[in-house]
Every structure is written in structure tokens, then in C-alpha cells.
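Data block below; observations after.
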Amino acid sequence: MSETIPKTAEEPKRSKVEVLKEGSRQLRGSIAEELSSDKGEFGGDAETLLKMHGIYQQDDRDQRKAKNPDGTPKPRVHTFMVRTRIPGGRVSAKQFLAHLGLCEQYANGTLRVTTRQAFQLHGVLKTNLKASIRGINDMLLTTLAACGDVERNVMSCPAPIHNNPVRDEMQRMADAIAEHLKPRTTAYHEIWLTDDEGNKTNVAEFTPVEEPIYGTVYLPRKFKTGIALPEDNCIDIYTQDMGFLAIVENNKIVGYNVLAGGGMGTTPSADKTFPAIAKEICYVTPDQVLAVGEAIVKVQRDFGNRADRKIARLKYLIHNWGVPAFKAKVEEYFGAPLPDPKPVAVTGVDDHIGWHEQGDGKWFLGINIECGRIQDVGDVRLKTGLRKLLTEFPHETRLTALQSVILCDVLPEQKQRVNAILKEHGIKQAEDLTLIRRYSIACPAFPTCGLAVTESERALPGVIDELEQELAKLGLLADRISVHMTGCPNGCARPYTPDIGFVGKTLGKYTIFVGGNAEGTRLGFILKDLVVREDLVPALVPVLTHYKSARKAGEAFGDFCARVGKEQLVELLA
Ligand code: SF4
């Protein structure tokens, strides 16, 4: 690791995406022109820029090998994923119901709660993109900067606990960070929210606006921020590029430990890439959060790698410089020395499922959404049930980082009716669910993600079924074991920090990670590589059996694996 850093930002040798961003007239590119063409898809450059508008161009991977009756391949049908940015996952009933309507009117009839407390529509046709985005903006939400090389959705613990101001303050801070770090370009408004005629005129008469945070080329890579509490790291603060861990005294946030350099994505074939958990950088008072956050973003803007996108995340900058040099540069940008972090550690996590008192006489209910997909399948009619619930009780909701939904502000006398609606629609509540299912999440992978090499969302429920059976045999069903699955090593569902991570490595084969924990404070290690779907659970059975017989009192599965170590566990499998 080098401790030397450049005194000033050097002119980077730039990747193709950097050149594209700079020449894009503040993220316009050819999006408007291509949007009005008859083609069902966008060309490569516009496709890249679309991400900054919260849109991914995709195609149905299941259909790629489809053939016409004469044996010729069918042309790919492109559809789009549209992501709504929702700081802290706070959504009104009206906004939630509008998304349910949009997914039926313009998408594939399902709505997805993401691992970053956002909503995603999938399967949107190009002809419906504008209407979808207008529908979202009509609800005073946006897709701008939900993806792309900017600050993405700012996460915060969503539990609506009102008997102290801590979580309200965290939500307020999440909103403030999101507002402060949002791109200022007017491209989004011109392209998606004006009529066609105005759109053309505005794009032609492009006048740049000041981008005070991002400059002309935005960030070298995506940037993720989260706010957590030491006793409840439900948003996985160590996986974020930038994290604020709240320090609470007498029911009041007195400051935050600032963390930086977390990130999950890796390319197994490239040694220069790796997943990382965030490092502690400094302590800030609440009124310094925006300025220090801005300084960190600007350091990454000016010194992050713009030549090689594989190593462009903030974690690589911090790895190369070391924490002291990085902190010194942040202080230079901030304009003052910053104290060291307080000696505070993450100690807990809560998925917020089930009934909980809010502290103001009302209750909130966490409703588990398996893999985040809101749809009606067989007897489990999540979409219809949530629609009925929110129509009858138009309360605020929150989206959790474990892809679930919280219904807020339920009066004691309303609880029975809420329970009845869920039961009517086959929606399981906390007492019907194992902890392993509640603490499991998955990325979408097939059929929509172009990077997937294995199943994830469609595979995980079956894997959990099998794990439940094995845990029941071992008498471990009451244990909390967190399981995250992704369809490729990019790690969108944070698979390197839970008790068990399944990561798509190559076509149809996974890497199994163990040794992390539900609190998300540690990276796991590889237990077994290149495992086909059917062998995932059998591969874990010897380790679970050993855990059952050799664990210490109260020791969680991931902690046990970390204590016993990779060598012994791998030997056990051999
Ligand atoms: Fe796609 Fe990979 Fe992200 Fe899953 S982890 S959504 S497969 S990029």
C-alpha cells in the first residue's frame, strides 16, 4: 500500500465512459433524440447515460435463445428497469399505490423493493419510459441519480420509532444528504418531464448549469451512503462508500463516526479488485455532516481512478493511500482538522419485521417481502394485499434494506383488521417465518440483469426451503442466520458480509462464502467455489452440523465460522 498521494489532482487518463460523460452536455447525450425514434432500444452511449437517469436497458435473458419457426434467432426485445430514489425508504401510501399502478400499467406487473430501500419497475418498454417516469415524478419522487456515477439512494434505518428523536433525525439527515449531493443538471427535467416539442427545443438550446459537487464529469464510479445506529446496522453501513454511524447521548444524536471505502463489487479474475468493508475515518458533529460528506465525495471526484472502472470505487483510493493520507486530504477539502472516530462499535441489527410500538401510542408492522418482489403468486397475493391494506389504511410506509415493507402509524384498534387483511391474502407474518428467511435477500439476476451468470431471486426461496429443512433436522431453526445471494460477483445484495453468501461466479455455478455476520461488521471467506445450485445446501450441511456440536453458548453461525477458520472448515468439506 502506498502512503504517498498526489499534491493536486492529476489529469487522469480517461476511460471511454469518462469521455462520454464529459461530452454529454450534462447527461443529455442523444437520449432525447433516440427516445423519439421508432427503435425499441437505445444505442450504447445513450444506454450508458440512461443509468444516471435511473434507467437500465435490459433484455429478457430467458428469451435470448428463442428461435422463429424457421430456426432463425428471434430479435432481442429490449425492456427497461426504472429505479426510484427514495432516501431512507420513506414512502407515502399514495406514492406506494402509484408505484403499484405503474408496474401494472407500464411494467411487468411486479414491483421490486431493492436492497437500497428503493423501488424498481422491470420490463418497461421504451414507448412507456416517459410515462413511467412522469408517473413517478407526479408523486414527487424521482429516478434521477438512482443509478450511475453519482451519489445513489441514501440509506437510513427506517424504523419509525418516535419516543426519541434519533431515527427522525437520521431520516432528516438522509433527506439532507440526498438533496445536497443530487446532480443539478436540467437534462432530466427536459428529457422526461417536458412535452416533446419543448424537449427538442430545450436540448438544442442547451445552457449548462453549475454542478457544484460533480463538475463536468461527475464521479468516477457509483457512490453509496448510509446512516446507521451502533445497535441497529440494518442498512449495512460497512458496505457503503460513505457511512455515518450515529453517536447517541441522552436520546439525542451528538455526532457521527464517519466511515468510508466500503464496497462489494469484485471481479474474481482481476486480483486488483476486492470487496471491502468501510474504514473509520473521523468524527463529526451533526452540523458538519454535509460539509464533510461533500469533502469526501469531492476527494473521490478528483482522485478516484478515471482510467479503469474496475478500480474506480472509493475503496481503491483508500486502499492505495491508507486511511491517514485519505483523512488528511478530506481535512484539506473540508478546511479544518477532524477528530478521530469515537470508540463505538456496531453491536446489533434488526430486520423490523412484525409488530412494534412506535413510542407515540401507535404501532408499526414490518411485512416480509421475499426477495423484495411484490407480486401475486398462487395463494400469496402480496400485491393485492398491500394495495388493499394501503387503500384502507393510507399510512406512511418505509422500505427496508432487507427488501421488506413497514406500515407505520397503526392505531391499536386497527391492528386486528390489518392482521386480517394480511391473512386473507396469504401474507405471512413474523410468527410464520423463520429467521433465516427473514434475513435473506437476493439481487434480481436472471432474467433481467445483463451481468447475471447464475439465478438469484428465482433460486433463493428454494435454497432457503432446503436450508430450513436441514436446520430443522439439526434443531437450529430458531437461529438467526443471514443469507444473501447474487447472480454475479458485483454483489448488489451485499453477499460478502452475512453469515452465508452465495455469489454467482460463472455460468450456473456459485461461490459459497461464510464467516460474515448479520450485523455486517466483517467480510466472510470462501468456503467452496464453483458449486452448482443443487449442491449449495449439501455443501453447507457438514459445517452446520459441526456448528451444532462445537459452537459456544450463544455463538452465531457466522461468528463460529470466523472463529474456527477457513482451513478447518474447508478440510471438513474435503
Ligand atoms: Fe446483476 Fe450481478 Fe447486481 Fe445481481 S449482483 S443484479 S447479477 S449485477
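Which of (1) more than 16 Å from the ligand (Cβ to nearest atom); (2) without any contact (Cβ under 8 Å) to a residue 40 or more places away in the chain does T397 not meet, given it meets every other one?
Checking T397 against (1) more than 16 Å from the ligand (Cβ to nearest atom); (2) without any contact (Cβ under 8 Å) to a residue 40 or more places away in the chain, the one that fails is (2).
Quick check on this structure: which one of E211, E197 is at pLDDT 95 or above and farther than 19 Å from D350 by Cα?
None of the other options fit; the residue is E211.
Are any of the residues in region 409-418 in contact with a Ser or Thr (Cβ under 6 Å, 6 or more places away or on another chain), over 17 Å from Q95 (Cβ atoms) and surrounded by fewer than 20 Cβ atoms within 10 Å (Cβ to Cβ)?
no
Pairs under 6 Å by beta carbon, first residue under 30 Å from A478 (Cα atoms) in region 437-451, partner among the hydroxyl-bearing types (S, T, Y) and away from the ligand (no atom under 11 Å from the Cβ), six or more apart or different chains?
Within 6 Å, the pairs are Y439/S482.
Check whether at least one residue in region 255-265 is surrounded by fewer than 24 Cβ atoms within 10 Å (Cβ to Cβ), under 14 Å from V166 (Cβ atoms) and not basic (K, R), and report yes or no.
yes
Could you list all residues from region 52-94 that are over 19 Å from the mean Cα position of the chain (by Cα) and either under 23 Å from V405 (Cβ atoms) or buried (at least 20 other Cβ atoms within 10 Å of the Cβ) (or both)?
Those that are over 19 Å from the mean Cα position of the chain (by Cα) and either under 23 Å from V405 (Cβ atoms) or buried (at least 20 other Cβ atoms within 10 Å of the Cβ) (or both): T79, S92, A93, K94.
So G366 passes all but one of these: (1) away from the ligand (no atom under 16 Å from the Cβ); (2) of a type outside the set (A, V, I, L, M); (3) surrounded by fewer than 22 Cβ atoms within 10 Å (Cβ to Cβ). Which condition number does it fail?
Condition not satisfied by G366: (3).
Does any residue of region 494-513 turn out to be over 20 Å from L527 (Cα atoms) and more than 12 Å from the ligand (Cβ to nearest atom)?
Looking through region 494-513, none of the residues is over 20 Å from L527 (Cα atoms) and more than 12 Å from the ligand (Cβ to nearest atom).
Name the residues in region 319-341 that are over 17 Å from L245 (Cβ atoms) and aliphatic (A, V, I, L, M), would you?
A325, A328, A336, listed by residue number.
Spot the failing condition for K130; the list is (1) crowded, with 24+ Cβ neighbours inside 10 Å; (2) out of contact with any strand residue (DSSP E or B) (no Cβ under 6 Å at 6 or more places or on another chain); (3) farther than 21 Å from G88 by Cα; (4) not small (G, A, S), and only one is missed.
Condition not satisfied by K130: (1).
Please work out if V410 is modelled with pLDDT of 95 or more, in contact with a Phe, Trp or Tyr (Cβ under 8 Å, 6 or more places away or on another chain), within 16 Å of the ligand (Cβ to nearest atom) and not basic (K, R).
Criteria not met by V410.
Working carefully through the options Q105, Q120, find the one that is surrounded by fewer than 16 Cβ atoms within 10 Å (Cβ to Cβ) and at pLDDT 95 or above.
Result of the check over Q105, Q120: Q105.
Answer yes if at least one residue in region 499-512 is within 17 Å of D236 (Cα to Cα) and part of a loop (DSSP other than H, G, I, E, B), and no otherwise.
Scanning region 499-512, I find at least one residue that is within 17 Å of D236 (Cα to Cα) and part of a loop (DSSP other than H, G, I, E, B), so the answer is yes.
So how many residues does region 499-536 have that are hydroxyl-bearing (S, T, Y) and in contact with a helix residue (DSSP H, G or I) (Cβ under 9 Å, 6 or more places away or on another chain)?
Qualifying residue count for the region: 2.
Can you name the residue in region 437-458 that is of a type outside the set (D, E, K, R) and touching a helix residue (DSSP H, G or I) at 6+ places or on another chain (Cβ under 6 Å) and, of all such residues, is farthest from the ligand (Cβ to nearest atom)?
S440
Can you pull out the residues in region 205-262 that are among the aliphatic types (A, V, I, L, M) and closer than 19 Å to R301 by Cβ?
Result: V209, I213, V217, L219, M242, V258, L259, A260.
Check A159, A93, A145 and return the single one that is of a type outside the set (S, T, Y), at pLDDT below 95 and in contact with an Asp or Glu (Cβ under 9 Å, 6 or more places away or on another chain).
After ruling out the rest, the residue left standing is A145.
On the given criteria, is E294 over 22 Å from the mean Cα position of the chain (by Cα) and either surrounded by fewer than 22 Cβ atoms within 10 Å (Cβ to Cβ) or touching a residue at least 60 places away in the same chain (Cβ under 8 Å) (or both)?
No, not satisfied.
Of all the residues that make up region 346-390, how many are closer than 18 Å to G109 by Cβ and assigned to a helix (DSSP H, G or I)?
Within region 346-390, residues that are closer than 18 Å to G109 by Cβ and assigned to a helix (DSSP H, G or I) number 11.
Is there a residue being under 29 Å from I227 (Cα atoms), under 19 Å from the mean Cα position of the chain (by Cα) and crowded, with 21+ Cβ neighbours inside 10 Å anywhere in region 375-396?
No, the conditions are met nowhere in region 375-396.
For A553, all conditions in the list (1) touching a helix residue (DSSP H, G or I) at 6+ places or on another chain (Cβ under 8 Å); (2) among the aliphatic types (A, V, I, L, M); (3) more than 22 Å from F274 (Cα to Cα); (4) free of Cβ contacts under 8 Å to residues at least 40 places away in the same chain hold save one; what is the number of the exception?
The failed condition is (1).
Go through region 261-275 and count every residue that is part of a loop (DSSP other than H, G, I, E, B) and farther than 9 Å from P489 by Cβ.
Final tally of qualifying residues: 7.
Just a yes or no: is a residue in region 518-541 in a helix (DSSP H, G or I), among the acidic types (D, E) and more than 28 Å from V346 (Cα to Cα)?
yes
Yes/no per residue for (1) more than 21 Å from the chain's Cα centre (by Cα); (2) within 28 Å of G263 (Cα to Cα):
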residue: R458; (1), (2): no, yes
residue: V463; (1), (2): yes, yes
residue: E466; (1), (2): yes, no
residue: E470; (1), (2): yes, no
residue: G475; (1), (2): yes, no
residue: G491; (1), (2): no, yes
residue: P498; (1), (2): no, yes
residue: T511; (1), (2): no, yes
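How about region 86-101: which of its residues are over 12 Å from H395 (Cβ atoms) and either in contact with a Ser or Thr (Cβ under 6 Å, 6 or more places away or on another chain) or among the acidic types (D, E) (or both)?
Result: G88, single match.
For a quick check of your reading of the model, give me the residue pairs whose first member lies in region 316-332 and is part of a helix (DSSP H, G or I), whose second is among the polar types (S, T, N, Q) and surrounded by fewer than 17 Cβ atoms within 10 Å (Cβ to Cβ), with beta-carbon atoms closer than 6 Å and at least 6 apart or on different chains.
Cβ pairs passing all conditions: N320/S2.
The values are calculated or read from the model by the stated rules, or taken from the named source; none is laboratory data. Model, not experiment: these values are computed from the prediction. Positions of Cβ are backbone-derived with ideal geometry, glycine not excepted, and every protein chain shown enters the neighbour counts.
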